[in-house]
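A short worksheet on the structure shown next.
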Amino acid sequence: MAKILLVDDERSLLTVIKAALERDGHEVIATSEPEEALRVIGEDGLDAVVTDLKMSPIGGIEILKEAKARDRDLVVIMITAFGSVETAVEAMKQGAHDYLIKPLHLEALRLSLRRALAHRALVRENVTLKRELAEIYRFDNIVGSSEAIQKVFRKMEKVADTDSTVLIYGESGTGKELVARALHFNSARRDRPFVAVSCGALPESLLESELFGHVKGAFTGAVASKDGLFKAADGGTIFLDEIGATSPAIQSSLLRVLQEREVKPVGATRNIKVDVRVIAASNERLEEMIERGAFREDLYYRLSVIPIDLPPLRERKEDIPLLVEHFIRKAVAKREGGLAIKMSSEVLKLLTAYDWPGNVRELENAIERIAALSDGGLVMREHLPEKIAMAGDDFENAETRNLKAFVQEKERTHIRRVLEETGGDKKAAAKLMGIDLATLYRKIDRLRANGNETRREKEANDS
């Protein structure tokens, strides 16, 4: 229930309304003195104000202004006589939620209050969620202490609270969208929308409509006009992932948005102004795409005002223990009962040795899987996916042998695998490996001399 301030210089009406609202379970402070009302508004915990419009010496408009200055989300409902409707409309412009005309119907007041208080609750919930998001995307919540990632942090801190366009480079799974969200929630636009779109996930015709909107009848199936994602992001940030996947036509339209700060919906005859910060991302260097004629050079220069390069996980392996600890906490928090798990020193060594082609995303998925299958306690090598556990063999070889021996071991493993795949057909195996048959024979002879011949190799050589 709500705490409500009731203000009316008509004492009999004041008494009736107060009794009705208290029966509904509300806490009601009733006063016929506008000066007293201003004092109460200054206190904490007030949810709504119901005030008469025409009072002396302080009118309802002054009370409304004071209430909104104290708390812009405070619900204010005006009560007015019929002849004061124009003044009541002005009160709505000043931020009043509703106005009710005398003689007052209590059910109308109850309904208006219910709606207004529900709206206030939603607004507060939205504010809370935004604060939580801002907390999640604080820069120091992006895990890593390596120089490579710290360099990224330093650049992010410098450019977050600007409107500069940012181009993020990074392999799949390095956290490009995480960086984009962090930039948004650490900027002055944090209370406005953040809209993410994967440009590579939609065909050109659909992507154009999604980004810029369309008018009714613009194409088959356009039964109503629709705002695009740029319009939805107005005042906030739009994140264009896989920007390199866009067609020349889309690139031309994006260039216009960046130059003119306006979009043209499909089928429209006029442009619409938008105030949007653009953050783009690509896992392929746009400079190389320009050389192939696959990306517009002028758009590239508009996008790469602030370039940010995210290093792959294999280039910042010193961050892996920190990331593992972070993802363990997340995974355990999801589990009912929250069984604690801990990585053995051997497992941590194996996780660090693995190259993580899927980068941070692959590491997070691996830890989540380990946590889901674990009964708690110490995680050992046998709990790891085979490809990660096998990475330790290469790690041991690299540590204990010289470079030449290590390369030879990798070569032996590869030849064995290809011969197994071809059923011992050396001609097919040589073709698959891109070497001639004589070279393959020499390599197999070396394997036999070292006693490393597989059963399939022996059968092939004996045939």
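The values are calculated or read from the model by the stated rules, or taken from the named source; none is laboratory data. Treat the numbers as computed from the prediction; the structure is a model and nothing was measured. Here the Cβ positions follow ideal geometry from the backbone for every residue, glycine too, while neighbour counts run over all protein chains shown. Quick note on the areas: whole protein, heavy atoms, side chains included, nothing else; ligands and nucleic acids left out. Shrake-Rupley method; radii C 1.70, N 1.55, O 1.52, S 1.80 Å.
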Identify the residue in segment 416-463 that is assigned to a loop (DSSP other than H, G, I, E, B) and hydroxyl-bearing (Ser, Thr, Tyr) and, among all such residues, is modelled with the highest pLDDT. Thr422
Do we have Gly217 as touching a Pro at 6+ places or on another chain (Cβ under 8 Å) and farther than 22 Å from Asn283 by Cα here? no
Can you name the number of the only condition in (1) surrounded by fewer than 21 Cβ atoms within 10 Å (Cβ to Cβ); (2) touching a residue at least 40 places away in the same chain (Cβ under 8 Å); (3) in a helix (DSSP H, G or I) that Phe230 fails? (1)
Pair list, Cβ < 9 Å and 6+ apart or interchain, from segment 189-209 residues that are surrounded by fewer than 14 Cβ atoms within 10 Å (Cβ to Cβ) to residues that are in a strand (DSSP E or B) and β-branched (Val, Ile, Thr): Ser205/Val266
Can you tell me which residues in segment 172-189 are of a type outside the set (Val, Ile, Thr) and either part of a helix (DSSP H, G or I) or in contact with a helix residue (DSSP H, G or I) (Cβ under 6 Å, 6 or more places away or on another chain) (or both)? Gly173, Gly175, Lys176, Glu177, Leu178, Ala180, Arg181, Ala182, Leu183, His184, Phe185
Inside segment 1-28, can you point out the residues that are over 43 Å from the mean Cα position of the chain (by Cα) and surrounded by fewer than 17 Cβ atoms within 10 Å (Cβ to Cβ)? Asp9, Glu10, Arg11, Ser12, Thr15, Val16, Ala19, Ala20, Glu22, Arg23
Looking at Leu113, Leu53, Leu133, Leu106, which one is surrounded by fewer than 18 Cβ atoms within 10 Å (Cβ to Cβ), hydrophobic (A, V, I, L, M, F, W, C), at pLDDT 85 or above and out of contact with any Cys (no Cβ under 7 Å at 6 or more places or on another chain)? Leu106
Might you check whether a residue that is touching a residue at least 12 places away in the same chain (Cβ under 8 Å), open to solvent by 20 Å² or more (accessible area, probe 1.4 Å) and over 24 Å from Arg314 (Cβ atoms) occurs anywhere in segment 139-156? no
Which condition from (1) open to solvent by 20 Å² or more (accessible area, probe 1.4 Å); (2) over 20 Å from Glu177 (Cα atoms); (3) not in a loop (DSSP other than H, G, I, E, B) is the one that Ala294 breaks? (3)
